[in-house]
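The block underneath contains the structure these notes are about, expressed in C-alpha cells.
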Amino acid sequence: MLRPRLTLNALLGAAALATAAVASPSAALDPAVTRASTTAAVPAVTAADRVLGRADAPVTVIEYASFTCNHCAAWTNETLPQFKARYIDTGKVRLVFRDMPTAPAQIAATAAGIARCAAPNRFFDVAHSLMSGQAAAFEKGDPRDWFAAAVAASGRSQEQIEACMKDPATSQALQAEVEGAVAAGVTGTPSFFVNGKRVSDHSLEALSAAIDPLIRTR
C-alpha cells in the first residue's frame, strides 16, 4: 500500500531532479521569450511521442497540455470523448500528447513525470486519472491522493516510477518538449496543431473545421 506522505515527498523530490534542467513554466510561457526567437515549425512526431490512434491516420493533432491546467482538464474530460469517437476511433486522426508544465511547476512536473514513466500502454490511463482528478485535488489543496491514483493507473510500482523520474533521460525528454513548444510559438495550454498548423480555438467545432477538409481531400 502506498504511504501518502512518503509518496508525496519522494515523488516531489524525484520531480525536482527531473525538472532541474527545464525552463520554469513562467519563463517558457513568457511572450517576451517567445517573441525573442523566430517561430519554428512544431517538432515532428517521433517514436518517443505518446500517441492515441492509428499510426497511419491521415491527420495528426498535436496537443500541448499541462496536468495542472484547468482548461486542459476541461478539454480532456468534456471534449476528448466526442473527439475520440468522431476522429480517433474511426482511424481519421492520431492525437499526440506533449507536456508543457504550468504553475504550480513542481506539482505539474510530478504529474508529468508519473505519466511519462508509466508502462508504454498506460500513459493515457494515467493522463485520464490526472485530468479527471485535478479539480478535486486542487480543491483539497493536497495532491497526495491524486499522485497515488496516477501511480496506481501506471502499471508500475512506486519505486519504478521514482527511479524513472530520477533518470536524466526523463528530464531531457521533458526539456526537449518544452523547448520545442516555445520554439513553435506556444504561449499557453492547451495548444493544438493540426497537421502542423496552429488552431487557436480548442473547441470541437474549431478543431473539426481544421480537420474535416484534410480528410475530404484524401
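The values are calculated or read from the model by the stated rules, or taken from the named source; none is laboratory data. Everything numeric here is computed off the predicted structure, so don't read it as measured data. Cβ placement follows ideal geometry from the backbone for every residue including glycine, while neighbour counts extend to all protein chains displayed. The area values use the complete protein model at the heavy-atom level, side chains included, leaving out ligands, DNA and RNA. Shrake-Rupley method; radii C 1.70, N 1.55, O 1.52, S 1.80 Å.
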**Item:** Normalised contact order of the range 89-218, rounded percent, pairs of Cα under 8 Å and 6 or more residues apart
**Value:** 22 percent
**Complete:** So for R0 = 45 Å, FRET eff. of SER203-GLN160 from the Cβ-Cβ r, to 0.05, ends up at 0.75
**Item:** Given charges at Cβ of Lys, Arg, Asp, Glu: the range 78-191 dipole, positive-most of ALA184, ALA149, ALA112
**Value:** ALA184
**Fill in**
Of every hundred units of 1.4 Å-probe accessible area on the range 164-215, the number belonging to carbon and sulfur atoms, as a percent, is 55 percent
**Asked** Tell me, in nm to one decimal, what length is gained between HIS128 and ALA176 on full extension, where the rule is 0.36 nm per residue of separation less the Cα-Cα distance?
**Response** 15.0 nm
**FRET efficiency, 1/(1 + (r/R0)^6) with R0 41 Å, evaluated for ASP142 and ARG54 via beta carbons** = 0.55
**Asked** What does the accessible area per residue of the range 71-212 come to in Å², with a 1.4 Å probe and no ligands, DNA or RNA counted?
**Response** 42 Å²
